[in-house]
Amino acid sequence: MTDFQKVKKYIDKQKQWSEALHAVREILLSTEAIETVKWGIPTYTVSGKNVIGLAGFKNHFGLWFFQGVFLSDPKNLLHNAQEGKTKAMRSLNFADVSLIDSKLIMAYALEAIENQKLGKENELPRRRAYEVSKQA
């Protein structure tokens, strides 16, 4: 099964948000980002780097921007994807299909793609190596 087919299958299973996810997918497919599937969900990459994710949840559907911390967000719509866990990821959530604004989504997507091409990336701190002591 191709990534294109996997994404369609994923979206079709999201009964409550299927129409909305298909609409957002069409917007993302019109960009230069490459559609793939990571962690079982549609993910859009540029130069092999994750840029945008798309998913449906119980009470909302939305996108997340892996390096969203760098987006200008003039309307202050982005939220930290997981407070206290993520440093750079930001999400754009919708609770109703009628709230989809294609121009807004396209603007955020294009800015995220451009930021990736410019190399803007929030580096994760390196984990310290732990020495394991040998016990007799």
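We did not get these values from a lab; they are worked out from the coordinates using the rules stated. As the structure is a prediction and not an experimental result, all values here were calculated from the model. FYI the Cβ positions are ideal-geometry reconstructions off the backbone, even for glycines, and counts take in every protein chain you see.
Table for the structure above
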| item | result |
| --- | --- |
| ARG90, ARG25 arranged by Cβ crowding within 10 Å, fewest neighbours leading | ARG25, ARG90 |
| Rounded to 10°, Cα long-axis angle of helix 18-29 versus longest principal axis of the chain | 70 degrees |
| Environment charge of GLY48, counting only residues whose C-beta is closer than 15 Å and scoring Lys/Arg +1, Asp/Glu -1 | -1 |
| Candidate lysines - alpha carbon under 17 Å from LYS15, same-chain residues fewer than 8 apart omitted | LYS6, LYS58 |
| Long pairs among LYS75/LYS103; LYS8/LYS75; LYS9/LYS38, criterion Cα-Cα beyond 21 Å | LYS8/LYS75 |
